Every structure is written in C-alpha cells, then in structure tokens.
Number of protein chains: 2
Amino acid sequence: MISIPQPHPEELFHTPSILGFCVAKDESRIAVATNFSGRYDAWGIDLDCAFPYRLTNEGQVPHAMHFDPQNRYFLVAFDRDGDENAQLYLAPSRGGPKQPLRTHAGRRFMFSTVSKDGNRIYYSSDKDEPQFLCGYVFDLETGEERVLYRGEGGPTVLAAVSDDESSWVTYTAFANTYQIAHLHRDGARTSLTPDPSTPHVVASASFVGDDVVFATDYLADELYVASFHPKTGSFERVWAPENGSVAHLAVHRDSETAYAVVMRGVIDELYRVDLRTGRAEKLDAPCDVIGQLEVGDSGRVYLLGASDVHPGNVWLRDLDGTWRALTNVRPMGFSPEDFVRAEVVHLPSFDGLELEALPFRAKPEVANGYTIVWPHGGPQAAERKGFRKLFQYWLLHGYHVFAPNFRGSTGYGSRFEKMVERDWGEGPRKDMIASIEWLLSQGLAERGKLFLVGGSYGGYMTLLLHGRHAEYFRACVDIFGPSNLLTFAKSVPDFWKPIMKRWLGDPDDPADRERLIQDSPITYLDGMTKPMLVIQGANDPRVVKAESDQIVQALRDKGRDVEYIVFDDEGHGFMKLENEIEAYRRTVEFLDRHRQDEKP
Amino acid sequence: MISIPQPHPEELFHTPSILGFCVAKDESRIAVATNFSGRYDAWGIDLDCAFPYRLTNEGQVPHAMHFDPQNRYFLVAFDRDGDENAQLYLAPSRGGPKQPLRTHAGRRFMFSTVSKDGNRIYYSSDKDEPQFLCGYVFDLETGEERVLYRGEGGPTVLAAVSDDESSWVTYTAFANTYQIAHLHRDGARTSLTPDPSTPHVVASASFVGDDVVFATDYLADELYVASFHPKTGSFERVWAPENGSVAHLAVHRDSETAYAVVMRGVIDELYRVDLRTGRAEKLDAPCDVIGQLEVGDSGRVYLLGASDVHPGNVWLRDLDGTWRALTNVRPMGFSPEDFVRAEVVHLPSFDGLELEALPFRAKPEVANGYTIVWPHGGPQAAERKGFRKLFQYWLLHGYHVFAPNFRGSTGYGSRFEKMVERDWGEGPRKDMIASIEWLLSQGLAERGKLFLVGGSYGGYMTLLLHGRHAEYFRACVDIFGPSNLLTFAKSVPDFWKPIMKRWLGDPDDPADRERLIQDSPITYLDGMTKPMLVIQGANDPRVVKAESDQIVQALRDKGRDVEYIVFDDEGHGFMKLENEIEAYRRTVEFLDRHRQDEKP
C-alpha cells in the first residue's frame, strides 16, 4: 500500500566518509576527518554525546589531527585541493580559525607527535632535504625550530619520540617492502633490527619506557611484534600471529599491552598481546577491516572499522570488552541488505600462483549481465572487505564487479608483495588475464560483456591491458593512471625518487629502461582500439596530469574515441562531493553507452 | 606563548540551527530539522548514538516531520525556497528520496497527526477553502482523501484527533489573541470553552481518553491548563501558573500528566501538572527558553531549549529526572564566555505602562560606542533569552544591541498583547521612543550613535520610526518590513485575510483606512532622510516583495540613499547559509560605513 521509492544509486556518494580520527588525551572526545557537509573538515565528537561539532571550516582534507594535552589548541594539517603538501596549523581547542604553525610553499609536513606538555611539536618535512627529509622539533614557547636529524640513505620520517624527548625512532624507506628503523639516543643511531642490510619492514614503532615495540617482518614473510632494548642492544621477537601479518600496532604503556591488527588477505583480525609474556588473545571486532587503531591512557581501544556492507565508523572498546559506535555513518535510504557482500574466491594464476579475488554479483533484479573488472591501485595495496561506495554504486546500476588481488598486493606476505617490484607490467598483467579467464570459465561473467576500470596503478593496468588485450573489453576507464613509466618515474614527488629504482626501475639505467618501455601503456597505442574515458585531477602529485595528457593526446592523434575529464581542484582521488559524483556518474554513463544493448 | 586566533564573528552563522524535532513512537530515535550541512534538511539521531544521519537531501526547510509508528515511512513537509507552501512527502523510514504524498501548487498543507497504525494521515489545507481551510484524512491504503470539515468563521486548522479517530479538535482563529476550539464528535461541533464569543485563545489541545486537555486564557489574562469533558459537556480549569502563561503543553496520557512550558516575560519555566489533582511541580530545565516540548509514551520528556549564550539543542529528561543533551550544537571557536548575556530591564513607557527590554552590552574590548536598536517582529512575539546569532554577531563587532518588548509583545498577558491590535503605529512606536529615551537617560547609549534595524513588523517599525523620528538614528536597516499598510493588508496569504481586520484594520473601511494611512511608513517619506538598507526575500508570502519595492522606489525617486538587496531563493527569513551571511555581513558593512568616525 505505501510505496516508498528506492533511492537513486548516486545518493550513495552523499554518505559521509571518515578518513581518520584522533583521541584527546583525557578521552573526553575524539576528532574525525569527515565530509559531513560535502567537503572534508575536522569535526569534534564528545564521548557523552556523539552529535559532532565543527573544529575547522576549510573544506579541505585534514591530513593529521591532534588535541593539545592541555586543551589549548587543536593541531591539524591541511593540503590544498589534493596537492598533498600538508601544512601544519593550530586552531582553538574547541575548533575555530586555523593559524599557520609550520608552512612552506610546495613542501609538506609529516606530523609525528607532541611533547607530553604539548609545548613542542615533532614532525618531518621535505623542506630542507627534498629527497631524504629531515626531522624537527618546534617549540611553541620560543617559536624556534630545531633539526633533530637529516635523513640518510632514503626518505627518513620521524616515527616516535620518547616521553622524556631524549630519544626518537626514525624509519628509512628503500621500498614499500624495505623500510628500516633507527633509535636515536645519546647522539647515537642504532638499527632496531640486527641487520638493516637485509630487506625487511619496520612499522608501528612505540616507546614503552626505554624499550621500543614495533612490527617487523625481519627474517620472516609476514610482520610480527618485536621489541628492541637499548640498554642491552637486543632485538626480541615478542609475538607472531599464526596466520597473517601485523598491519597496525597500538600500545598501552601502563599495562605493557599491545593491540594488533592482523591482516589476513581481505580481512583484519584484532589481537591483544601481553608484551611481558608474548601471549596473545584474539578479540572480537565490530568490523571486517580496520583502518585505524588507537589505545587511550585508560586502556580503552578506538578503531575505525568497516565491512563490505557497513560504512566506516569509529568504535570504542570499553574496559569490559563491549563495543560502542561513536559515529553512525549510514547511507541514506539504503539498508545493508541493499548492498552486495564481497565473495572471496581463490584461483590459480598463469604460473600456478594462488590469487585471492573479490567477485561482487549484482542482484538479479538489476543485473545487466556486464562485468566491471577492477585492477586495484597501489600496486602494493589490495581490495578488501571494506565498504566501497563506488562498487556498490556500480552494483546498484546492474554491473557485476570483479577485483583480483594480483601479485604485488598486500595481505599475502612480503614475498608476494615484492613480486610487483621492478615488474609492473608482466606478472600482474598476466594475473589479471588469468583471473578474467577464470571468471569466464566459472560462468561468472560473459565474454564480450567485460569493462575495465582502474585508478592509479589500476589506471596504469587498465591502460596496459587495453593496449595488449583489448579483445577482452568493450570499453575502458583510466583514472589517473601512469601511461608512460619513463616520464612517470621522473615526475613523482622528490622523496619518492630514492625508492623508484627498487620499486619500478630507473629510466636512466639502460637495462631498466628497456623493461620500462616494454611495460609502458603508451608503447601499445595501436592496441588501444576500444572507447576510453580518462579522468585526472589537475593537482595530482603522484601521477601528474601529464601522464593522462600524453596518452589522451596520442590516442586522439590516432583518431581514437577518448573522453577526458580533468578536475582542477582535485589531486590523487576525488575529495569534493560534487566532483566524486560527476566522475562516477560519467563513468556509468560511459559504460551504459558502450553496452551491446545500447541502453541509455 | 601559544597564540590562538579568535574566530571571525561571521563564523557564528555556521553554527547549525535546530528548528524542530519529532520523536519516534518507540523512542529509539528522533528527527531534527537542521542546517547541519549549510542547508536545511531532516536528520535522524539514534538515542544510543547521537551522531546524526541524513533523512532527506533536499536543502529545504522541513516544516513537519513524523515517523510512521510501524517504521515504514518518514513523513516530511517541505516548501520551496521560503514560499511557505508546505507539501507533504513520504521518505523511507531510514531516510531517502521523497515521494509526493499530498501536493498542490501554490497551496499549503498543515500536517496534524497520523492514525495509531500509521495508515491514515490527518492535515488541514487551503487548497479547497483558501481563507477558512478544510481538514482532511488521507488513507495510505486506498489512496483516498476525505474532507473532515470545512472551516467556518475563520481559518480553521485540525489540532488533534482521538485515538479511535471518531473525534477531532479544530482551532478557528479570528486574531492571534482570539482563537477558539471545537470538538467534532458524532457529527456535532462543540466549543471547548463555555463562550466562544468572548475573545480568548485555546491552544495545545490533546485527547486524554475522551477528554480534551488544552491551554486557554478564557476569562483570564494568561493561559492556564483546562479540560473539556464531552460526556458532561463541562469545561474545567485544571491548573494555572502563579505567574506566567502556559505556552506549550505536552500530555502523557497513561499517567494523566501534562508538562507545561510557562512563559514569564523573556524566560520559560517547565512544570509537571497532575491532571487528576490539578497539582503542579516546577521542574528544573537545562535552558532559559523552550522552543518545543514533547512527551514520549514512556513518560520521557524531550525539549528544544536554548539560552542567551547557548544555542538551541534537543534535551531528553529521563524518568529519574536527569537531563541529557541529544544534540551538541555549539558555535565553532566560541565559548559561552565570548557571548554577551541578555540583561533584563524594566522601564516606564510614555503612558506609564511598564515595558521589559533586553539591553546587550558589547564587551569593553570591542565596544565601538554605537547601539543598534532592534524592534522585534511579530508584532505579537517577543525578544527573549534565547540564542541570537545575529545579536552576538553585532556584539562581537562592537555594537551594543537594545531590544524593547513594546506593547503587543507576547509574554506579558493577553491585555498587553492586544494593545498592538488595530494600533500598529502609535502605541508601539511611542514605546520604542520611550525605551530609547530611557536608554539614553541611563547612559547606556549615546545620542547620535544609534542605528535602527528590524525585520518583518520590526522592519515596518524601523521604516515608521525612520519616517517620523529620523533625528534619533544615523542609518536604518529594514528587513522585509511592510511599508504600506493598505497594500500589505491585501497581499498577505489568503487564510490570514479573515484575521486582518481585528489585527491590523480593513483598508476598505473608511474609518480604518485613515488610521492605516497614518500608520504607514510610506506616508512619511519626507522624514526618511537617513541612509537606508532594505533587504527582502523574493518568495516572501507574508510581506511580499512589493512592500520593499515600493518604498525603495519612492525613496530613490526622491534621490535618497537606499541600498536594496533581494534574495531570489528566500522567503520571510534567510534559510540558506550563504544568504544569511551575505545579508548580515552587508548590514554590518552598512552600519560601519555610517558611523561618525567613518571606520571601514
């Protein structure tokens, strides 16, 4: 009798996203970075009344947030329209207009922490050492900045500072899979792991008294919890998950407890680790993937968690083990049942390597028989069981979605992740083809009814697959993907450059150069015969606009059908609601136009 | 050491406003009408997590909101850009796209209630009887609308419907101070008060079983709680506050308890009244003024309350008497200490009548020595101890504000309120002058440093004072004020017309006509020698744009200095953030420009 209309799929994009949060020292409130009003800003949420109030009114993405422990200020970092040059500002503790704290045109500030009294701010920046970075402390009382260290060997960021500010930990990266850490103490610099020349990763470092607790995959394939004792100089393996890799670690110093997010393929698990005994206990979590994890002084745990049918929300785990949502983000007009859950499948690739993949099947009542193949970005990242507005938007429009975690994806160990290094275009590409063939063989998609859409590395893979395997696809959408690895390698941010050789290859090295040409989409222009849509943000510092410009121009010179959309106020991602909606509305219009049945 | 910037006064307007709320039958959530994202919409708030979620995405003001008791729909009324022609829509219960339920171009629907099962919607409308209105029930199962009654004698709205839907109560208005009520039952129509021909008001009617409980000032100067028993036909006085008038009444049927908001001049008090014994108890309230009051089936009380330095928030009074805020609206960057509290003074008018007035003194560190005199709108309304963004904005800019509650204001009894009827321009105008003279005599303002700003009736009073007493003011701002009572009387909404004679006067009656001319600002063009700013919403149905157009044109024809701003997408009030900011920014720029010291 009462007929209630279904919302338009586009309404999904109006669902706020929470990018991150911080917890006040006294745990009376949190701040969340969210686009509640269509633009990103920092909003405060009191724990006793979750109705949020504005802390900033900038309409930009807060890249770091921190409440002064003495409640005099709220520290926040903003870039400008996606340029990723985060600058540090102070706003009043209750929120208000921002005042520049540390700014430098064209450079960025990576906030680390503040002193216990809130009077000194610790951060790294590329302003003095564009490639290797420096670490700094800024004294709010004197207004003076002091250099803590200059980066060495690779981009070096400040990871943690001891309570007495006499010691700190830095990470130096040579690749995403090779990041070492040093303890700086009494003028000396000591590796946290026994042999920094063996490739491994150190992450999530915290001080526990004098000791440093961290996650590492030193001499292992997956990250585990370890500690370093400066007095004895000893490295100790504390706890390793039976299965999976420690992706985040949050330490409660008083109880010498660590909370660990363990990544197992497409899902996360939460553990509590007793640092004294090395024993761990699995905790229930209110979500499938955990984006951020914090522990308060009280021992309460805070996380940002989502699942495939539930948007990301901030949750609080009380001392009695009960979870309480501090936010209530929900897509207007949709219930979880309106969304498609991610299936998880395993398939053998061309060389027998097992791949995990997520096929999403559009509901029968709307399914149009077409499938969007989605190579994810990164490439050292993965599609997981989080809430994907874009996927659900496509699914509501009737498209199936298929997201294979090709070699190089995270969540499957270090060996697997390294497979994409210096091999961007061969193994992963063949994984994509093997995955597509598997999908077709299972009857989950129909040959001739495939589309290809990807962003960033996924945009690169889209271009490459289009150039070399156009026969599979009806049309392709490239979202800020590198088109030419020779130019791409030289156009990334300065502090990425030291890791490019190990990650991608060096265009100035003749041996690498040939492979980079072979793996560049622009080498395969002749093969790119299908209609294409290219979308780019003008301020993108990772994949610069010239990458999209050149492939669009080259294809247009050949008379190909290429639609090109540039957003002037976006970077590597669409952070303004109206742009996000336009980008994805036009993507669906483009796909709809290129379906066999020519439906509008 | 850490210098935190003060927010710009304009930031105040970004503070969300809550216009109203509704409570779900099961009390698991509420809906609020708020401009959280810069535009008005309905937002849901679960009682166990106050983080709001969108129920609508219209960017318009929700004029009525109701959750289906069976959780199938959310009923909401929207007008369009301030035209006040509220149309009824259904959205999904969780929020989502709206579907027209009852719409009629150029006419309005006044939602009353829904049946206990949610299947029938009760409302009144001017669509069939433009002046007197009709009451209707719409059956969601059959899609049929039935006329319950046709209005008689005056605009007649549907006030309440009995649980079994066999009886209903209507209000018929002859003036703001003369509104009678009838019980419709078994085909008969009975006045709730013994003598409907004696002018009085009936309001806040509810059924308690067969009986009707309501507030009335029948044979009294202030409203008290009364009841009507249809079986005996008897009217009973239940409880009268010692001091003050019952402004809202919310009834808990099971316990036969009424919660009463008692208006005492510029503040409200909250009482619990036992309807069986007629005994009442004063309850503490978390605010000074109460905008809305509801009682849930559980007996919990919900109100929308504010004070002079605290914006309006929704509060829940639990059964144990404790109050909990369900919303946490706060002005970004400001603390209550940054605002100016309303002082409350009493002064004798020209004829000895005591007037209450609110002088707000700008803080010494910003005070510029100038005072804005503010005649309020209505005129049967009042300035009270609520949160006034506009006043605080002016105060932060250094202007003192002075708001006298001239004769005709509400909160001082029926006799006082009636003093403005058929006397818009004489008594109240002299009250304004007497109040200004008092202010000057007290040394609270300086002669030669007064500005005059008002909206609606306050705009009319601004124009009239400008025309007749320009010597007091440096410059004047008229916000949608009637300029010509002859044209105004004929341009109001149809269903206002029956009350115009008693309220204002009849331009077609020669006796009234002369007075209306004498009280019309446009009669005093020659006196309007000071600079003027006029602001108007193009869709204003109460004071139509022609009222502002004609005075602006007439003054410009005389070569006077008049600035005129029209907002195309606003009605009688600025409901879009960017318009509100522009209107008041330009007001301050205008006042600043006309200060003696010529500061920018």
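The values are calculated or read from the model by the stated rules, or taken from the named source; none is laboratory data. Since the model is a prediction, treat every value here as computed from it, not as a measurement. Using ideal geometry, Cβ is built from the backbone for each residue, glycine included, and neighbour counts are taken over all protein chains shown. What goes into the accessible areas is simple: the full protein's heavy atoms, side chains included, and nothing from ligands, DNA or RNA. Shrake-Rupley method; radii C 1.70, N 1.55, O 1.52, S 1.80 Å.
For chain B, the dipole from Cβ point charges (+1 on Lys and Arg, -1 on Asp and Glu) about the Cα centre works out to 560 debye, to the nearest 20.
Taking the protein heavy atoms of chain B in the context of the full set of protein chains, the accessible area attributed to carbon and sulfur is 45 percent at 1.4 Å. Beyond 24 Å, what share of the Cα-Cα pairs of segment A:489-600 is found? Please give it as a whole percent. That tail contains 40 percent of the Cα-Cα pairs.
A straight Cα-to-Cα reach below 17 Å connects residue B:530 with the aspartates and glutamates B:471, B:478, B:557, B:561, B:563, B:589, B:592, B:597, B:598, residues fewer than 8 places away in its own chain not being considered.
For the protein assembly as shown, the 222 nm mean residue ellipticity estimated from helices alone, with every DSSP H stretch of n ≥ 4 adding -39500 (n - 2.57) and the total spread over all residues, rounds to -4500 deg cm²/dmol.
Which shape class, rounded, prolate or oblate, goes with segment B:516-574 when its Cα gyration tensor gives a ≥ b ≥ c as root eigenvalues, a/c under 1.5 marks rounded, and past that a/b bigger than b/c marks prolate? Here segment B:516-574 falls in the oblate category. Counting Cβ atoms of other protein chains within 10 Å of each residue's Cβ and taking the mean over peptide A:132-142 gives 1.
Within 10 Å of the Cβ of each residue in A:323-332, the mean number of Cβ atoms contributed by other protein chains is 5. Among beta bridges from DSSP that stay inside the protein assembly as shown, the antiparallel ones total about 85%.
With both residues required to sit in segment B:335-403, DSSP beta bridges show an antiparallel share near 70%. Stokes-Einstein diffusion of chain B at 10 °C, 1.306 mPa s viscosity, Kirkwood radius from Cα pairs, rounded to a whole number: 63 µm²/s.
The Cα atoms of the protein assembly as shown define a convex hull whose projected area, averaged across directions, is 50.5 nm². On a per residue basis, the convex hull of the C-alpha atoms belonging to segment A:1-93 measures out at 111 Å³.
Centre-to-centre separation between the Cα atoms of segment A:318-332 and those of segment A:204-229: 30 Å. For the set A:385/B:116; B:430/B:545; B:389/B:418; A:385/A:449; B:127/B:501, the pairs lying more than 31 angstrom apart at their alpha carbons are A:385/B:116.
Taking the three principal axes of the alpha carbon atoms in segment B:197-343, the coordinate ranges are 59, 34, 21 Å, sorted in descending order.
Rounded to the nearest 20, the Cβ-based charge dipole of the protein assembly as shown about its Cα centre (Lys and Arg +1, Asp and Glu -1) stands at 740 debye. Can you tell which of B:525, B:500, B:240 lies farthest toward the positive end of the dipole of chain B, using +1 and -1 charges on the Cβ of basic and acidic side chains (Lys, Arg; Asp, Glu)? So the residue furthest toward the plus end is B:525.
Cα axis of helix A:427-441 to longest principal axis of chain A: angle in degrees, 0 to 90, nearest 10? In chain A, helix A:427-441 runs at an angle near 50 degrees to the longest axis. Per residue of B:42-54, other chain Cβ atoms within 10 Å of the residue Cβ number 6 on average. Quick one: check the C-alpha center-to-center distance for segment A:559-593 versus segment A:66-101, whole angstrom. Cα centroid to Cα centroid, the span is 31 Å.
Taken about its Cα centre, segment A:500-548 carries a charge dipole of roughly 220 debye when the Cβ of each Lys and Arg holds +1 and the Cβ of each Asp and Glu holds -1. Distances between copies at residue B:210, taken between label points 7 Å from Cα along the C-beta direction, are 8.8 nm in increasing order. Comparing Cα centroids, segment A:248-275 and segment B:467-484 end up 68 angstrom apart. Between copies, the label points of residue B:190, set 7 Å from Cα on the Cα→Cβ line, lie 9.3 nm apart, reported in increasing order to one decimal in nanometres. Buried surface between chains B and A: roughly 4200 Å² of accessible area, summed over both sides, computed with a 1.4 Å probe on protein heavy atoms only. Mean separation of Cα pairs under 8 Å and 6+ residues apart, divided by the residue count of segment A:82-193: what relative contact order is that in percent? Value for segment A:82-193: 14 percent.
Taking a ≥ b ≥ c as the square roots of the eigenvalues of the Cα gyration tensor, an a/c ratio of 1.5 or more together with a/b no larger than b/c marks segment A:278-359 as oblate. Taking a straight Cα-Cα cut-off under 19 Å and skipping sequence neighbours fewer than 8 places away in the same chain, the aspartates and glutamates within cross-link reach of residue B:25 are B:46, B:48, B:68, B:117, B:163, B:164, B:165, B:254, B:256, B:294, B:297, B:318.
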